[in-house]
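As structure tokens, the structure follows; a few thoughts come after it.
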Amino acid sequence: MSLKVAIVGLGRIGRGVLRTNFSQQSGGRYEICVVCDVMTIDHVAYLLANDSTYGRPPFQVDCDDNDLILDGKRIRYQRVDRRRSGPSEHGLDVLKDFGLDVLFDATGTASINDFQTILERNIARKVLCTWNISGCDISIVYGVNHPNYLPDKHHVISASTCTGNAMVPICHILDKHFGIVSARIATIHPQLSDQRVLDGYHSSSQLGRGCAASIIPTGTNVAKSTSLVLPNLAGKLEAISYRVPTAIVSVIDFTAYLAKDTSQEECIDLFEQYAENQLSGIIHCDYGAWGHQKASIDYMRTDYSAILLMGQVTVNSKRQIGLSLMHDNEHAYCCRVLDVLGVLESKATV
Ligand SMILES: NC(=O)c1ccc[n+]([C@@H]2O[C@H](COP(=O)([O-])OP(=O)(O)OC[C@H]3O[C@@H](n4cnc5c(N)ncnc54)[C@H](O)[C@@H]3O)[C@@H](O)[C@H]2O)c1
């Protein structure tokens, strides 16, 4: 059964999922029948065709008054604005006509009540979103807990966050084999659209600082993302994020205290085994190029949720492990969103 999907929010992630869906399979891996944003349709076409980070997409982009046209395939565009008072005014009710299986929300601005309304009004059978939303039925990190998805029980689904998708598989391995006593996670994250370009007012003072001028310490939900999927780690993780003036690819610097003794060799073997077997396509062990460590930009457009820099794996005093991870925070995340859609599709009842 091919899922009928709507994308609401055509920002970095919404456009990324649209682009990746078309790049993975001619005509699209899934049937995205309608896409929505507050922008006019010409703005969407312009941003899809011209991307400062990834360049031009590998398909032709065009539009008319109602449809985006990607390599000749029409996708209906619906202008919506959830800030207006009720569902009939904000435009989402129109989506009922599409018989949607999944409304994929990549706005970052919706509430759990918005999602409940979508389900109650039969606008879509499932909602999938791109952040940790309180009250969702399940947070899925593909590769680790996606078999736990139950179609009769889980209707509002989170695909976790980009850093959650990187951190959870690694924590899963370490906790299963050695037990994590406590850990500190530092993410070094590229600029995001929630930051100011120049110093100005923002409800978070740090995110109001000019994004190109500084390395900006800020909060991150990665500890929450991780413990939502691995509840055994609740209360054991602390995290900080630094926003840096780059466009793409995140780094995670990770230190954990383990409950059992181990060695650098044992950990390297374990990561290699997982990368080749249970977590193939999700984690990758990277040894650089000709003995040289690559730079973050070299990992742009990689599909893996987490790339382990194998030259940086350290074990001190048998119980303290240090790791460096990299991941394309947009593209790899969009690949995982499509994988989660695949899980919903495989368990969909006709
Ligand atoms: N950028 C990343 O690296 C990344 C990775 C994983 C998850 N996420 C999450 O994905 C979400 C979106 O992030 P982004 O970087 O794509 O942000 P973005 O600002 O680039 O995109 C958000 C889009 O949603 C639209 N939008 C906002 N409110 C809307 C509304 N009420 N109705 C319709 N459209 C609306 C905006 O116009 C914009 O086009 C956030 O929750 C973020 O945490 C981002």
Normalised per residue, the volume inside the convex hull of the alpha-carbon atoms of region 4-130 in Å³ amounts to 99 Å³
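Within 10 Å of each residue's Cβ, count the other Cβ atoms and sort V249, V340 from fewest upward. Before the final figure, lay out the partial values.
Numbers: V249 25, V340 22.
Listed from fewest to most nearby Cβ atoms, that is V340, V249.
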Which percent, to the nearest 5, of DSSP beta bridges fully inside the chain are antiparallel? 45 percent
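Determine the equivalent ellipsoid of region 163-329 by diagonalising the alpha-carbon gyration tensor, then write out the semi-axes as square roots of 5 times the eigenvalues, largest first, rounded to whole Å.
For region 163-329, the ellipsoid semi-axes come out as 28, 19, 13 Å.
Given just the C-alpha atoms of region 80-203, how large is their convex hull per residue in cubic angstrom? Could you put the intermediate results ahead of the total?
Details: hull volume 19.8 nm³, N = 124.
Once divided by residue count, the hull of region 80-203 is 160 Å³.
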What is the chain's relative contact order, in percent, from Cα pairs under 8 angstrom and six or more apart in sequence? 15 percent
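With N set to the residue count of region 195-270, report its C-alpha Rg divided by 2.2 N^0.38 Å to two decimal places. If you can, show how the numbers build up before the last one.
Values: Rg = 16.8 Å, N = 76, 2.2 N^0.38 = 11.4 Å.
Normalised Cα radius of gyration, region 195-270: 1.48.
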How far is it, in nm, from the label point at S205 to the one at D152 when both lie 7 Å from their Cα along the line to the Cβ? 5.3 nm
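Counting only DSSP beta bridges with both residues in region 4-130, tell me the antiparallel percent, nearest 5. Present the calculation step by step, with values, prior to reporting the outcome.
Working: 7 of 25 bridges.
Around 30 percent of the beta bridges assigned by DSSP in region 4-130 are antiparallel ones.
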Subtracting the Cα-Cα distance from 0.36 nm times the residue separation, let me have the gained length for Q116 to N221 in nm, one decimal. 35.5 nm
Karplus-derived 3J(HN,Hα) from phi for region 305-311 (6.51 cos²θ - 1.76 cosθ + 1.60, θ = phi - 60°), whole Hz, x at Gly and Pro, runs 5, 8, 10, 8, 7, 5, x
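How much length would be gained if the chain were fully extended between A247 and S193, taking 0.36 nm per residue of separation minus their Cα-Cα distance, in nm to one decimal?
18.4 nm
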Relative to the longest principal axis of the chain, what angle (0 to 90°, nearest 10) does the C-alpha long axis of helix 264-276 take? 30 degrees
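For the residues T349, T302, T130, what sequence is obtained by ranking on other C-beta atoms within 10 Å, fewest first? All intermediate terms of the calculation are to be shown ahead of the outcome.
Values: T349 7, T302 17, T130 24.
Fewest to most other Cβ atoms nearby, the residues stand as T349, T302, T130.
With Rg and the Kirkwood Rh both taken from Cα atoms, where does Rg over Rh land for the chain?
Working: Rg = 20.5 Å, Rh = 21.1 Å.
Looking at the chain, the ratio lands at 0.97.
Taking region 216-303, which chymotrypsin sites (Phe, Trp or Tyr not before Pro) meet the DSSP loop condition and have no more than 11 other C-beta atoms within 10 Å? Could the numbers behind the result be given before it?
Working: sites: Y242, F254, Y257, F271, Y274, Y287, W290, Y299; in loops: Y287, W290.
Filter output for region 216-303: W290.
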Between N66 and S346, what FRET efficiency follows from the Cβ-Cβ distance if R0 is 51 Å, with the result rounded to 0.05? 0.95
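Taking only Cα atoms of region 306-350, what ratio of Rg to Rh do you get with Rh as the Kirkwood inverse-distance radius? Display every interim value, and only then the final one.
Working: Rg = 17.1 Å, Rh = 13.3 Å.
With Rg and the Kirkwood Rh in hand, the quotient comes to 1.28.
Of the chain, which part is the longest with no trypsin sites (Lys or Arg not before Pro) in a loop (DSSP not H, G, I, E, B) and with at most 10 other C-beta atoms within 10 angstrom? It would help to have the intermediate numbers written out before the result.
On the way: sites that count: R83, K153, K260.
In short, 154-259.
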On C-alpha positions alone, give me the angle between the axis of helix 12-24 and the longest principal axis of the chain, in degrees, nearest 10. 90 degrees
Quick one: what are the phi-derived ³J(HN,Hα) couplings along region 339-344, Karplus 6.51/-1.76/1.60 with θ = phi - 60°, whole Hz, x for glycine and proline? 5, 5, 4, x, 5, 4
Explain nothing, just compute: Karplus ³J(HN,Hα) = 6.51 cos²θ - 1.76 cosθ + 1.60, θ = phi - 60°, for every residue of region 140-148 in order, whole Hz, x for Gly and Pro. 9, 10, 4, x, 10, 10, 4, x, 7
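No value in this document is a laboratory result; all are computed from the given coordinates. Note that this is a predicted model, so its numbers are computed, not measured. Note: ideal-geometry Cβ built from the backbone for every residue, glycine included; neighbour counts use all protein chains shown.
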